[in-house]
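Visitor: The following block contains the structure, expressed as structure tokens.
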Amino acid sequence: MKQHFTLTINGRLQEVEASGTTPLLDVLRNHLGLKGSRYGCGLEQCGACMVLVDGEAVYSCSREAEAFQGRSIITVEGLGVDGALHPLQQAFLDEQAGQCGYCLSGMLMAAKALLDRNPSPNRAEIVEALDANLCRCGAHLRILRAVARAAAVLRGEADDGR
């Protein structure tokens, strides 16, 4: 049975009509047209579907959308401001951290959660934060460099490459 509920996504209230058991990822992609988060496994095993919920990286593929009412959801589309890339997005481009790109939205969201809570992570902390995200292309070293680069930019210690 379809229900009406409101979600706060990328700072905007979004009215949704869906079954209360509809996964958040389905609502984002198929009801709201936010295609950045990907469906990878549906089992919380790959991280392609990660979004931020109240600042924490959360799998969206298997969690019911209705449960996120009253919480702040940020998708990869919400990272940049006024059409400008977020420093993480710019660093991923500068380091050529994406190959096929399928994992990148989840990687970006996990990295954003890390940098929000720890602006000066060391390599081991970056690895740990991204551990739940799979990349089949083998771009891990470039991804790690990109997160470290973005951290330096956000701290004002490096140029953002633009």
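Visitor: What pairs come out if I take residues in region 14-38 that are at pLDDT below 95 and pair them with residues that are open to solvent by less than 50 Å² (accessible area, probe 1.4 Å) whose C-beta lies under 8 Å away, six or more apart or interchain?
Guide: Filtered contacts from region 14-38: G20/F5; G20/A65.
Visitor: Among the numbered conditions (1) open to solvent by less than 70 Å² (accessible area, probe 1.4 Å); (2) at positive phi, tell me where F68 comes up short.
Guide: (2)
Visitor: Is there any pair with a first residue in region 139-162 that is touching a residue at least 60 places away in the same chain (Cβ under 8 Å) and a second that is open to solvent by 50 Å² or more (accessible area, probe 1.4 Å) and part of a loop (DSSP other than H, G, I, E, B) whose Cβ atoms are under 7 Å apart and which are 6 or more apart or on different chains, and what are they?
Guide: As it stands, the answer is L154/P119, since those pairs meet every condition given.
Visitor: Follow-up. Just to be sure before I move on: is C61 in contact with a Pro (Cβ under 9 Å, 6 or more places away or on another chain) and farther than 24 Å from P119 by Cα in the structure I sent?
Guide: Details: in contact with a Pro (Cβ under 9 Å, 6 or more places away or on another chain): yes; farther than 24 Å from P119 by Cα: yes.
Yes.
Visitor: Further, regarding this structure: Mind listing just one residue for me: the one in region 71-94 that is hydrophobic (A, V, I, L, M, F, W, C) and more than 26 Å from V16 (Cβ to Cβ) and, of those, surrounded by the fewest Cβ atoms within 10 Å (Cβ to Cβ)?
Guide: Start the filter on region 71-94 by keeping residues that are hydrophobic (A, V, I, L, M, F, W, C), which leaves 73-74, 76, 79, 81, 84-85, 88, 91-93.
Still in the running and more than 26 Å from V16 (Cβ to Cβ): 84-85, 88, 91-93.
Working: A84: 12, L85: 16, L88: 26, A91: 28, F92: 26, L93: 14.
In this case the residue turns out to be A84.
Visitor: Tell me which of these L134 doesn't satisfy, since it passes every other one: (1) among the aliphatic types (A, V, I, L, M); (2) assigned to a loop (DSSP other than H, G, I, E, B); (3) open to solvent by less than 30 Å² (accessible area, probe 1.4 Å).
Guide: Looking at each condition in turn, L134 falls short on (3).
Visitor: Look through region 40-49, keep the residues that are in contact with a strand residue (DSSP E or B) (Cβ under 9 Å, 6 or more places away or on another chain) and under 16 Å from T22 (Cα atoms), and return whichever of them is surrounded by the most Cβ atoms within 10 Å (Cβ to Cβ). Full working, then the answer.
Guide: Filtering region 40-49 down to residues in contact with a strand residue (DSSP E or B) (Cβ under 9 Å, 6 or more places away or on another chain) leaves 42, 47, 49.
Subset that is under 16 Å from T22 (Cα atoms): 42, 49.
Working: G42: 13, C49: 26.
Ranking the qualifying residues of region 40-49, first place goes to C49.
The values are calculated or read from the model by the stated rules, or taken from the named source; none is laboratory data. Values in this document were obtained by computation on a predicted structure and should not be read as measured data. As a convention, Cβ positions derive from the backbone with ideal geometry for all residues, glycine included, and neighbour counts pool all protein chains shown. Quick note on the areas: whole protein, heavy atoms, side chains included, nothing else; ligands and nucleic acids left out. Shrake-Rupley method; radii C 1.70, N 1.55, O 1.52, S 1.80 Å.
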